[in-house]
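See structure below.
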Amino acid sequence: MSLVKRTIGVAASVAVAFATFVAPAQAAPAGCDGDMKLIFQGGLTGSAAQTGIGEYNGFKLAVLQYNEKRGSGPKVEPGFIDTQADPSQTPPLALATVNDACVIGVVGGMYSGETRAALPIYLKGGLPLISPSATNETLPAVGGDVFHRVVANDGVQGPALAKLAGNQPNAKVFIVDDQSTYGKDLATIVKKTLAKNKQVGSDSVATGTTNFSSVVAKVRKAGANTVFFGGYYPEASKFVKQLRDNAATKNVKFIAGDGVLDNEYIKLAKKNAEGTSMTAPYIPMERADKKLTAIYKKEYGVAPAVYTLEAYNAAGFFLAAVKAGNDTRAEILNYINTNSYKGVGQTLKFDAQGEPATKVMNEFIVKSGKIEYVGAIK
């Protein structure tokens, strides 16, 4: 039986239990009377599901491989909370997670907004968290000692994007954000970093916007030849299509951060995605370990997605703590805070703010309908 089939019942039962548990948060829940649980937090349904499923599969594979090889060691159940990447839906799910005494840690959140919404609850419950992909700079201040992330934050990604935009021939950059925790702050960093004489305008839209005609008109009027979009792929796919449909803006260079770096962007935008440049603090699993990639493809029937490897490694750090004999939240948190973990393609070690000691920032481009790795941005 495949690893995938053996975990479906566990994930479903954990999700149902969380949905019905509403006790108030407490720092020390009653003792666990079953197996330890490691939980993934992210969007498994909704518009951002493709990214969430890719991360969850990487997380789940790590846990299942651990259980296959654990011998007499403690079993760890992989579970999830489906936030739909929506901050407004996250707090009750995070609360239920904290109040399950068997939960030893969280891999997530996936996006910055949902992560910010959950962090005060996890902090109060002393529940350690390692995010594979939340990049907002301010998260350590919200999550305190329990917060960690695998990836470089937007303080690294923003300047990289400004460099990418500013290096376009005769750069005239128009900056747009989607007002999300991630998109707005990333656009702010780009504005602060990019030379003023290369900026020709900016605008904001609401998350969920489908009609970008007014923004396209502003891009045209400003004479921009480059557009930076701070936001996610559902909106980016609509925005870039409407830019391409307008004769005056059809040739602008479209640049975005890791919120757009997903194959679903190409699926939604189709030919309009061609030539889009993106940055991300992520390492493609295919580049890091071909053997692991083959195992992943066999189990899930698809190629690894953006941040699949980061979720795999985040889970691995928790599992290393369990393997070392730690079985309480406090012990596991201390282990994560004081040790390093040699993952696949990267070694995880966190500073006092929960930031990674080693920071990666890469450039990608959509070419011939596929996302291709370009190289590191330094």
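The values are calculated or read from the model by the stated rules, or taken from the named source; none is laboratory data. Everything quoted here is computed from the prediction, not taken from an experiment. Neighbour counts run over all protein chains shown; Cβ positions are idealised from the backbone, glycine included.
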Discussion item. Is it the case, given these coordinates, that Thr328 is surrounded by fewer than 17 Cβ atoms within 10 Å (Cβ to Cβ), at pLDDT below 95 and among the hydroxyl-bearing types (Ser, Thr, Tyr)?
Written reply: no
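Among what's in the range 49-101 and is acidic (Asp, Glu) and under 21 Å from Ala117 (Cα atoms), pick the residue that is surrounded by the fewest Cβ atoms within 10 Å (Cβ to Cβ). It would help to see each step written out before you state the result.
Let us first name the residues in the range 49-101 that are acidic (Asp, Glu), namely 55, 68, 77, 82, 86, 100.
Remaining after also requiring under 21 Å from Ala117 (Cα atoms): 55, 82, 86, 100.
Details: Glu55: 33, Asp82: 22, Asp86: 17, Asp100: 21.
Only one residue fits best here, namely Asp86.
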Worksheet item: Looking at (1) surrounded by fewer than 24 Cβ atoms within 10 Å (Cβ to Cβ); (2) at pLDDT 95 or above; (3) in contact with an Asp or Glu (Cβ under 9 Å, 6 or more places away or on another chain), can you tell me which one Thr207 breaks?
Response: (2)
Worksheet entry | Candidate set from the range 148-172 (those that are touching a helix residue (DSSP H, G or I) at 6+ places or on another chain (Cβ under 6 Å) and either part of a helix (DSSP H, G or I) or at pLDDT below 95 (or both)); member that is farthest from Lys198 (Cα to Cα) | Asp154
Practice prompt. Mind listing whichever residues of the range 46-92 are over 18 Å from Thr308 (Cβ atoms) and free of Cβ contacts under 8 Å to residues at least 40 places away in the same chain?
Written response: Asn67, Lys69, Gly71, Ser72, Ser88, Gln89, Pro91
Discussion item. Quick test for you: out of Ile130, Ile81, Ile104, pick the one residue that is part of a strand (DSSP E or B), of a type outside the set (Phe, Trp, Tyr) and closer than 16 Å to Pro356 by Cα.
Written reply: Ile130
Worksheet item: Among the residues of the range 225-250, which ones are over 29 Å from the mean Cα position of the chain (by Cα) and in a helix (DSSP H, G or I)?
Response: Asp245
Worksheet item: Within the range 119-127, can one find any residue that is in a loop (DSSP other than H, G, I, E, B), touching a residue at least 24 places away in the same chain (Cβ under 8 Å) and of a type in the set (A, V, I, L, M)?
Response: yes
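Do we have any residue at all in the range 279-302 that's closer than 22 Å to Asn136 by Cβ and either surrounded by fewer than 20 Cβ atoms within 10 Å (Cβ to Cβ) or charged (D, E, K, R) (or both)? Before the answer, list the steps.
Initially, the range 279-302 is screened for residues closer than 22 Å to Asn136 by Cβ, giving 279-283.
Within this subset, residues satisfying the condition of being either surrounded by fewer than 20 Cβ atoms within 10 Å (Cβ to Cβ) or charged (D, E, K, R) (or both) are none.
Within the range 279-302, none of the residues are closer than 22 Å to Asn136 by Cβ and either surrounded by fewer than 20 Cβ atoms within 10 Å (Cβ to Cβ) or charged (D, E, K, R) (or both).
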Worksheet entry | Residues (assigned to a loop (DSSP other than H, G, I, E, B), free of Cβ contacts under 8 Å to residues at least 24 places away in the same chain and not small (Gly, Ala, Ser)) located in the range 303-343 | Asn326, Asn339
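When you scan the range 206-213, do you find a residue that is farther than 25 Å from Thr51 by Cβ and not charged (D, E, K, R), even just one?
Start the filter on the range 206-213 by keeping residues that are farther than 25 Å from Thr51 by Cβ, which leaves 213.
Cutting the leftovers down to not charged (D, E, K, R) gives us 213.
Checking the range 206-213: at least one residue is farther than 25 Å from Thr51 by Cβ and not charged (D, E, K, R).
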Worksheet item: When you go through Tyr300, Tyr282, Tyr296, Tyr341 one by one, which is the residue that is more than 26 Å from Gly125 (Cβ to Cβ), among the hydroxyl-bearing types (Ser, Thr, Tyr) and touching a Phe, Trp or Tyr at 6+ places or on another chain (Cβ under 6 Å)?
Response: Tyr282
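Out of the residues in the range 182-200 that are of a type in the set (Ser, Thr, Tyr) and either in contact with a Gly (Cβ under 7 Å, 6 or more places away or on another chain) or under 11 Å from Gly166 (Cβ atoms) (or both), state the one that is surrounded by the fewest Cβ atoms within 10 Å (Cβ to Cβ). Reasoning before the result, please.
Initially, the range 182-200 is screened for residues of a type in the set (Ser, Thr, Tyr), giving 182, 188, 193.
Checking which are either in contact with a Gly (Cβ under 7 Å, 6 or more places away or on another chain) or under 11 Å from Gly166 (Cβ atoms) (or both) leaves us with 182, 193.
Working: Tyr182: 26, Thr193: 16.
Of everything passing the filter in the range 182-200, Thr193 is surrounded by the fewest Cβ atoms within 10 Å (Cβ to Cβ).
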Practice prompt. Working only within the range 333-375, note down all residues that are surrounded by 13 or more Cβ atoms within 10 Å (Cβ to Cβ) and on the phi > 0 side of the Ramachandran plot.
Written response: Gly345, Gly354
Worksheet item: Can you name the condition, by its number, that Ala206 falls short on among (1) more than 21 Å from Glu274 (Cα to Cα); (2) not in a loop (DSSP other than H, G, I, E, B)?
Response: (2)
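Does Val215 meet the test of being in the same structural domain as Val176 (by TED's automatic domain parsing), assigned to a helix (DSSP H, G or I) and in contact with a strand residue (DSSP E or B) (Cβ under 8 Å, 6 or more places away or on another chain)? Give the steps one after another, and end with the answer.
Working: in the same structural domain as Val176 (by TED's automatic domain parsing): yes; assigned to a helix (DSSP H, G or I): yes; in contact with a strand residue (DSSP E or B) (Cβ under 8 Å, 6 or more places away or on another chain): yes.
So Val215 fits the description; yes.
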